[in-house]
1. When the chain is fully extended, how far beyond the present Cα-Cα distance does GLU21 get from ARG147, taking 0.36 nm per residue of separation?
2. If I model a spin label at ALA117 and THR277 as a point 7 Å from the Cα along the Cα→Cβ vector, what separation in nanometres do I get?
3. What are the ³J(HN,Hα) couplings of the range 256-262, residue after residue, when phi is run through the Karplus curve with 6.51, -1.76, 1.60 and θ = phi - 60°? Round to Hz, x for glycine and proline.
4. Which whole-number percent is the relative contact order of the range 107-291 (Cα, under 8 Å, 6+ apart)?
5. Taking 0.36 nm per residue of sequence separation and subtracting the Cα-Cα distance, how much length would be gained by fully extending the chain between ARG253 and GLU206, in nm to one decimal?
6. State the label only: which of (i) 46, 38, 16; (ii) 42, 22, 16; (iii) 39, 21, 16 corresponds to semi-axes √(5λ) of the Cα gyration tensor in Å computed from the shown model?
7. If each of GLU53 and ASP99 carries a label point 7 Å out from its Cα toward its Cβ, how far apart are those two points in nm?
8. Put +1 on the Cβ of each Lys and Arg and -1 on the Cβ of each Asp and Glu in the chain; which of LEU49, GLY230, ALA273 then has its Cα farthest toward the positive end of the dipole?
Amino acid sequence: MRVDVDGTEQPKGETDEPGWEVDPDDESGAAVVATVGRQLRLRREAAGLRAAEFGVAVGYGEDLVYKVEAGRRIPRPEYLDRADEVLGAGGLIAAMKKDVAEVRYPKRVRDLARMEARAVELLAYGDHNLHGLLQTEEYARALFEMRQPAYAQEEIERAVAARVARQSIFERSPAPALSFVQEEVTLRRPLGGRMVLRGQLERLLEVGQLRNVAIQVMPTAREDHAGMQGETQVLKFGDGTAVGRSEGAFAGRAVSDPKQLRILELRYGMIRAQALTPRESLAFIEQVLGET
């Protein structure tokens, strides 16, 4: 038996395995998947295996084998591992997992992850929900599950995996300086239920202890608030360039012009000054956790 992404068991050879379809608008990603699929087909044929036989050997259906080889389905890591074993590729097929890993996620998320990976400093103010880099897997899943129009389960799993993958930023060395300001309501709204919220608050306390991370809370009772125009984020890079975006400025577009960036940094600086300090914020989060 094979355990699916939702925890259910599927018999080997099942033809309707969930997977991630290739985005037709993602030309670079589609090219990678097509190349991997072509290599798999050539190795399978060289081994004298028909698609159905190969599918049985790796534990997946014939239909999925054809889709992967045609470059229409992104193979999962375990698929490549099994293919490597069955075809005796000595690790050459398994090594393709690195090439496939990025294209499993939507192009816009990959682009964001690349910018975050380059950033030496990140400034982020959030008003509706917690910043994606701070979210637990359960919290992120709850957010995607409540989207309307509703996402298919496959889309939810893909989006959650992409969001969690971005959090490798916390493991970077040298570590970037990360500053987050969150509205109090984002700490209290029980998205996904009470236990999901408790896990999320515990995660904030854990991340907030990192020396390169500052998490601040903007109390709802504040009379002065520079962030009423919406979410704001600025990413600064090692070469002195930067990119930023704010819902209430420049029509919500991403900007890189120094004059426009100064406006966003000024706004964020005021938001930080009006929020609780990082130390006060961690104490506040602990208090909310105790009340949850």
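Every number here is computed from the coordinates shown, using simple stated rules; none is lab data. This is a predicted model, so every value here is computed, not measured. A quick note on method: Cβ atoms are made from the backbone with ideal geometry, for glycine too, and the neighbour counts reach across all protein chains shown.
1. In short, 43.4 nm is gained.
2. The answer from the label model is 3.8 nm.
3. In residue order, the calculated couplings are 9, 5, x, 5, 5, 5, 4 Hz.
4. Contact order relative to length: 27 percent.
5. Using 0.36 nm per residue and subtracting the Cα-Cα distance, I get 13.7 nm.
6. It is the value labelled (ii).
7. Label at GLU53, label at ASP99, 2.5 nm between them.
8. Value computed over the given set: ALA273.
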